Amino acid sequence: MSRVVSVRDIQEIVRNGQGLSSIPADAILTPSARDLLSELETNGDAKAAAAKHVSGSTGGDKLSPPARPLNSKSAKSELEAFFNSPYAHNLKEQICEMGRRLWQRAYVDGNGGNMAIRAGEDIAICTPTLVSKGSLKPEDMCLVDFEGNQILGAKKRTSEILMHLQIMQKQPKAVASCHCHPPYATGFAVAGILPPTCMIPEFEVFVSVALAPYRTPGTPEMGKLVADLVDKHNTILMANHGIVTWSHNSLEEAYWRAEIVEAYCRTLLVTAQLGRTPNTFTPNQLQDLLKIKQSLGYVDPRYGMKECELCDNAEWRPGVACQVEAKAETTVGLDADAEAAVKAITDQILAQLK
Ligand SMILES: [Zn+2]
C-alpha cells in the first residue's frame with residue numbers, strides 16, 4: 001500500500017539532509033505536500049523553502065493569542081482587554097468575512113446562519129442575533145461562556161449559540177463552527193437523506209457527514225443531538241433546517257466544508273439527472289483518500305474499516321451500489337434513462353418521507 005507523505009514528512013527529509021528522491025515514487029502526497037515539493041524543485045534551496053513553510057503554517061506573529069488562556073472566571077478587565085485586542089479583532093474580522101461569503105453564495109437567508117470561534121478554555125466569540133451575515137461588522141460580535149451567557153458585546157448573541165458551544169464541549173479539537181442553510185445540502189436534510197459517498201475526492205477528504213433529527217432551533221435538545229455526532233463527523237445535516245460544520249484549524253476551514261458539501265449535493269442531483277449509473281471509486285481508491293484524510297487530522301468513522309466495508313451507504317444512491325459494474329448501455333436513449341433515474345429518486349424520497 002502506498003505511503004501518505006505530508007508537509008511535515010518533507011520538512012523532516014530536508015532537515016535530515018536526505019534527497020527528495022528518497023520519497024517513494026508511488027507515495028500519496030497531501031495537497032500541501034505537493035505544493036511544497038514543487039516549490040523545492042523550482043527554487044532549488046530546499047532548506048529555505050521548507051523553513052518558510054514552517055513559519056507560514058504557524059499563521060502569524062503579532063496576532064498571537066493571550067499568553068495565559070482565558071476562561072469565563074477570568075477578571076472582567078482581562079476579558080475586556082482580550083475582547084478589544086488586535087488578536088480578538090482578527091477573529092471578529094474572520095467571522096465577518098465568512099459571513100459575507102455565506103451571504104454571497106446564498107447559504108443564508110434573512111438573519112439566518114451563525115458562527116462561533118473558541119476564544120479560551122470555556123469562552124467563544126460568536127455572531128449576534130438578527131443581523132444578516134452579509135453585513136456583519138467586528139463591533140457586532142459577542143463574547144459568551146460555554147453555558148451561553150453573554151459576557152461582552154453590545155448586540156445580543158445568536159439564539160443558536162448553544163449548539164456551537166455543545167459542539168466545542170463534546171469535541172475538544174473544534175476551534176470554530178459554522179451554521180448555515182445552503183439549499184442543496186439542506187434539501188438532503190429535509191428529505192432525511194445522507195449524500196451517498198465514493199464519487200468526489202474533496203467530499204471524501206474534507207467532509208464526514210451525519211444527519212441529526214429535527215428539534216426546535218436554539219434548544220439544548222437540538223444542540224445535544226448535533227454534539228452527539230461530532231466525535232466522528234465534522235459536517236452535520238440538521239433535519240428540516242440546515243447544516244453545521246466544525247474545524248480543528250480555522251473558521252475558514254469550517255466554512256469550506258459548507259461549500260464542499262453544498263457543491264457535492266448539487267453535483268449529485270446533476271449526476272442523477274444524466275440518467276447513467278454514476279462511476280464510483282473502488283474501495284482501493286477510497287482507502288487512499290482516507291489515508292490523506294487521516295494524515296490531515298480530520299475525523300471519519302471509516303478509519304480502520306476493511307476495503308470491502310467501505311463505500312457502503314444504503315440510504316440513498318442514484319441507482320448505484322459501490323463496485324457495481326456500469327450498465328452496458330450504449331444505445332439507450334438519454335431521456336428514458338433520465339426519466340427512470342428521476343423516478344427512482346422521487347420514489348425513494350417519497351418512501352423516506354412516509
Ligand atoms: Zn439555522
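The values are calculated or read from the model by the stated rules, or taken from the named source; none is laboratory data. No experiment lies behind these values; they were computed from the predicted model shown. Positions of Cβ are generated from backbone atoms using ideal geometry, with glycine treated the same way; all protein chains shown enter the neighbour counts.
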Which numbered condition Ser74 misses (of (1) under 29 Å from Met238 (Cβ atoms); (2) in a loop (DSSP other than H, G, I, E, B)): (1)
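Looking at Asp145, Asp122, which one is touching a Phe, Trp or Tyr at 6+ places or on another chain (Cβ under 9 Å), acidic (Asp, Glu) and more than 16 Å from the ligand (Cβ to nearest atom)?
Numbers: Asp145 fails: touching a Phe, Trp or Tyr at 6+ places or on another chain (Cβ under 9 Å).
Only one candidate passes the filter, namely Asp122.
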Return yes when Ala176 is within 21 Å of Phe83 (Cβ to Cβ), away from the ligand (no atom under 15 Å from the Cβ) and surrounded by 24 or more Cβ atoms within 10 Å (Cβ to Cβ) and no when it is not. yes
Can you work out which of the residues in segment 218-247 that are touching a Phe, Trp or Tyr at 6+ places or on another chain (Cβ under 9 Å) and of a type in the set (Ser, Thr, Tyr) is nearest to the ligand (Cβ to nearest atom)? Thr245
Name the one entry in Thr129, Thr186, Thr158 that is surrounded by fewer than 18 Cβ atoms within 10 Å (Cβ to Cβ), among the polar types (S, T, N, Q), within 16 Å of the ligand (Cβ to nearest atom) and at pLDDT 95 or above. Thr129
With respect to Arg105, determine if the residue is away from the ligand (no atom under 12 Å from the Cβ) and under 22 Å from the mean Cα position of the chain (by Cα). yes
Among the numbered criteria (1) under 22 Å from Met98 (Cα atoms); (2) within 14 Å of the ligand (Cβ to nearest atom); (3) among the polar types (S, T, N, Q), which single criterion is violated by Ser250? (2)
Matching residues, segment 289-307, being over 23 Å from Met98 (Cα atoms), in contact with a helix residue (DSSP H, G or I) (Cβ under 8 Å, 6 or more places away or on another chain) and not in a helix (DSSP H, G or I): Asp300, Arg302, Tyr303
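Results for (1) modelled with pLDDT of 95 or more; (2) not in a helix (DSSP H, G or I), shown as yes or no for each residue.
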| residue | (1), (2) |
| --- | --- |
| Ala48 | no, no |
| Gly56 | no, no |
| Pro69 | no, yes |
| Glu80 | yes, no |
| Ala88 | yes, no |
| Leu91 | yes, no |
| Ile95 | yes, no |
| Gly99 | yes, no |
Scan segment 108-119 for residues that are within 16 Å of the ligand (Cβ to nearest atom) and part of a strand (DSSP E or B) and jot them down. Asn114, Met115, Ala116
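Okay, residues lined up against (1) closer than 12 Å to Phe206 by Cα; (2) at pLDDT below 95; (3) assigned to a helix (DSSP H, G or I):
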position	(1), (2), (3)
Ala254	yes, no, yes
Val261	yes, no, yes
Thr267	no, no, yes
Pro278	no, yes, no
Gln287	no, yes, yes
Among (1) part of a helix (DSSP H, G or I); (2) within 16 Å of the ligand (Cβ to nearest atom), the one test that Phe203 misses: (2)
Pick out the one residue from Glu309, Glu262 that is away from the ligand (no atom under 16 Å from the Cβ), over 19 Å from Ala116 (Cβ atoms) and of a type in the set (Asp, Glu). Glu309
Taking first residues from segment 116-136 that are of a type in the set (Ser, Thr, Tyr) and second residues anywhere that are part of a loop (DSSP other than H, G, I, E, B), the pairs with Cβ under 6 Å that are 6 or more apart or on different chains are Thr127/Thr158; Thr129/Lys156; Thr129/Thr158; Thr129/Ser159; Ser132/Asn111
Contacts under 9 angstrom Cβ, first residue in segment 212-227 being over 14 Å from Ile161 (Cα atoms), partner in a helix (DSSP H, G or I) and acidic (Asp, Glu), 6 or more apart: Arg215/Glu221
